Amino acid sequence: MARIFCIANQKGGVGKTTTTVNLAAGLAQLGQRVLVVDLDPQGNATMGSGVDKRSLTLSVYDVLIESASIAEARVPSQRGGFDLLGANRELAGAEVELVGLERREKRLKNALSAVDAAYDFVLIDCPPSLNLLTLNGLCAAHGVVVPMQCEYFALEGLSDLVNTIKQVHANLNPDLQIIGLLRVMFDARITLQQQVSDQLKSHFGDKVFDAVIPRNVRLAEAPSYGLPGVVFDPASKGALAFKAFAAEMVGRMGAM
């Protein structure tokens, strides 16, 4: 059975897409079968996986309106080593169309059930807002991985996200839980970041991943080449951190 995780945070610019693509590539390098689902109309995870979103003949949009299956719409990320259910601008209109449809918040869940045996991990890159697309991701997932910067405003946003997850857990998806918090863009030289990191660990305990993703130029450069950072520069600090995160994730799932 595939482990389905949303990479989510209602705050924008916290590295959700970078986390999704690099975790997927890191897991693939460990021999895991991985599917990435791009639920953001911007299609950044699609481009970051080396797939041109403008050339997609079928996308996650077609899957949500049930005009195509995931098996028909998925494409391989050749260099990343994983499969991708891509997104493009069409997805922006999906939310309006979904409002009038039956089972509107569980369409992704139903579609994923057909490919459950084909993957070890499914990673869903969610948009930075709580809309019907994000809700589809949360209803389909077993858990949420929260990438966050160790800054004051990030803590404020985290409480909102935790409340959202509790509401979805209570009303729509009793399997949903927070898998863990991933500290990203971390700079140990900044005292405030260290203080926020300590606060996270004291409050959330083992829900905070041991892996820490440093602020790293090579990770930022990689998407412009259509590559995950762990493939673009495998020896960079950012790539090594994501490989450690992937190994930690596999270890945690084995322990559950």
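Descriptive notes on the structure:
- All of A154, A117, A188 fail the test of being within 26 Å of G26 (Cα to Cα) and either part of a loop (DSSP other than H, G, I, E, B) or of a type outside the set (A, V, I, L, M, F, W, C) (or both), apart from A188.
- Tally of residues being over 18 Å from G31 (Cβ atoms), of a type in the set (A, V, I, L, M, F, W, C) and crowded, with 21+ Cβ neighbours inside 10 Å across the stretch 228-256: 2
- Looking only at the stretch 23-58, and only at residues there that are assigned to a helix (DSSP H, G or I), hydrophobic (A, V, I, L, M, F, W, C) and in contact (Cβ under 8 Å) with a residue 60 or more places away in the chain, the one that is surrounded by the fewest Cβ atoms within 10 Å (Cβ to Cβ): M47
- Residue within the stretch 70-81 that is among the acidic types (D, E) and either free of Cβ contacts under 8 Å to residues at least 12 places away in the same chain or crowded, with 23+ Cβ neighbours inside 10 Å (or both) present: no
- Checked across the stretch 187-207, the condition of being under 24 Å from N44 (Cα atoms), charged (D, E, K, R) and either surrounded by 16 or more Cβ atoms within 10 Å (Cβ to Cβ) or modelled with pLDDT under 95 (or both) holds for no residue.
- Considering the stretch 120-131, and only residues there that are at pLDDT 95 or above and crowded, with 20+ Cβ neighbours inside 10 Å, the residue that is farthest from the chain's Cα centre (by Cα) turns out to be F121.
- For the stretch 63-84, taking the residues that are outside any loop (DSSP other than H, G, I, E, B) and either at positive phi or touching a Lys or Arg at 6+ places or on another chain (Cβ under 7 Å) (or both), the one that is modelled with the lowest pLDDT is identified as L64.
- Residue within the stretch 136-147 that is touching a residue at least 24 places away in the same chain (Cβ under 8 Å), touching a Lys or Arg at 6+ places or on another chain (Cβ under 7 Å), closer than 30 Å to A188 by Cα and not acidic (D, E) present: yes
- First in the stretch 181-208 and small (G, A, S), second anywhere and in a helix (DSSP H, G or I) and modelled with pLDDT of 90 or more, Cβ under 8 Å, 6 or more apart: A188/Q194
- Candidate set from the stretch 213-224 (those that are hydrophobic (A, V, I, L, M, F, W, C) and crowded, with 17+ Cβ neighbours inside 10 Å); member that is nearest to G43 (Cα to Cα): A222
- Subset tally (residues that are within 28 Å of D52 (Cβ to Cβ), free of Cβ contacts under 8 Å to residues at least 60 places away in the same chain, of a type outside the set (S, T, Y) and not in a helix (DSSP H, G or I)) for the stretch 209-256: 4
- Among the residues of the stretch 173-226, the ones that are of a type in the set (A, V, I, L, M), over 17 Å from M148 (Cα atoms) and over 20 Å from the mean Cα position of the chain (by Cα) come to 1 in all.
- Test result for A141, under 23 Å from G48 (Cα atoms), surrounded by 22 or more Cβ atoms within 10 Å (Cβ to Cβ) and touching a strand residue (DSSP E or B) at 6+ places or on another chain (Cβ under 9 Å): yes
- Hits in the stretch 85-113 (condition: in a loop (DSSP other than H, G, I, E, B) and within 27 Å of A170 (Cβ to Cβ)): G100, L101, E102, R103, R104, E105, K106
- Residue match in the stretch 174-196 (condition: touching a Leu at 6+ places or on another chain (Cβ under 8 Å) and either at positive phi or among the charged types (D, E, K, R) (or both)): yes
The values are calculated or read from the model by the stated rules, or taken from the named source; none is laboratory data. In this text the structure is predicted, and so the values were computed from the model without any measurement. All Cβ positions, glycine included, derive from the backbone under ideal geometry; neighbour counts span all protein chains shown.
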